[in-house]
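Could you have a look at this structure, given as structure tokens, before my questions?
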Amino acid sequence: MIKILFTAILTYIATSIDEIPVLFMLYTRTSNKRKAKIITLSYYIGTILLISLGVVGALGLNQIPQKWMVGISGLIPLFMGIKILATGEDEDEEKTIKRSENFHVLAVQVIAITIGLGVDDVGVYMPLFSTLTWSENFLMIIVFLISTGALCYLSYKLAEIEKLKVFIEKYERFLVGAVFTCIGIFVMYNCGTIEKIIELL
């Protein structure tokens, strides 16, 4: 139970920390004044859609007969983590936000931003969800949803603290890269993939 809670919290932080500056911007934008509830609800909807894609993908992985083969999917977050540690993230927040402005309804804009910035996270959710039981997945999703509310609340309250934004931008690469790498190793270990690879060698 404690291990799942710890994994869920770390996974959520790693996949969502880069969205804090975007939430800052959304909450503080003059045109969005008094629209915090719409932004928060829309961010929730976008997050739920991403989690749902991860669950559906995990169901597909679970159809693979041998568990060690499922663990191969752990290479996705593993390579993502190594790449981020080595070169940084290549996602362009400004382009994602600019594309979302094609939608004139704020709620649709926020959902588009959330999915645009979080689509890579599905590659982390899928292998992770596939290694857990239904009850463990349920607990992890609950933690994700609670953490989403906490992230929105903190972003709203701390939106004017520029030093926090600078700190996050400075260290997010190392945090995200390390956690993604650990998730990949965890998935492969949990499925017996590492053991199988050593056996084959």
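The values are calculated or read from the model by the stated rules, or taken from the named source; none is laboratory data. In this text the structure is predicted, and so the values were computed from the model without any measurement. Positions of Cβ are backbone-derived with ideal geometry, glycine not excepted, and every protein chain shown enters the neighbour counts.
Mind counting the residues in the stretch 21-38 that are surrounded by 20 or more Cβ atoms within 10 Å (Cβ to Cβ) and among the β-branched types (Val, Ile, Thr)?
Adding up the residues that qualify gives 1.
Can you tell me which of (1) modelled with pLDDT under 80; (2) in a helix (DSSP H, G or I); (3) surrounded by fewer than 17 Cβ atoms within 10 Å (Cβ to Cβ); (4) not β-branched (Val, Ile, Thr) is the one residue 160 doesn't meet?
Only one criterion in (1) modelled with pLDDT under 80; (2) in a helix (DSSP H, G or I); (3) surrounded by fewer than 17 Cβ atoms within 10 Å (Cβ to Cβ); (4) not β-branched (Val, Ile, Thr) is unmet by residue 160, namely (2).
Continuing with this model, one more query. Suppose we filter the stretch 47-74 for residues that are hydrophobic (A, V, I, L, M, F, W, C) and at pLDDT 85 or above; how many remain?
Of the residues in that region, 9 qualify.
Restricting to the stretch 36-64, name every residue that is out of contact with any helix residue (DSSP H, G or I) (no Cβ under 7 Å at 6 or more places or on another chain), within 18 Å of residue 116 (Cβ to Cβ) and among the polar types (S, T, N, Q).
Hit for the stretch 36-64 is 52, nothing else.
Take the stretch 106-143 and flag every residue that is within 16 Å of residue 5 (Cβ to Cβ), assigned to a helix (DSSP H, G or I) and not hydrophobic (A, V, I, L, M, F, W, C).
Once the filter is applied, which keeps residues that are within 16 Å of residue 5 (Cβ to Cβ), assigned to a helix (DSSP H, G or I) and not hydrophobic (A, V, I, L, M, F, W, C), the stretch 106-143 yields 135, 136, 137.
Taking the stretch 167-197 only, how many residues are surrounded by fewer than 16 Cβ atoms within 10 Å (Cβ to Cβ) and of a type outside the set (A, V, I, L, M, F, W, C)?
Summing the residues that are surrounded by fewer than 16 Cβ atoms within 10 Å (Cβ to Cβ) and of a type outside the set (A, V, I, L, M, F, W, C) in the stretch 167-197 gives 5.
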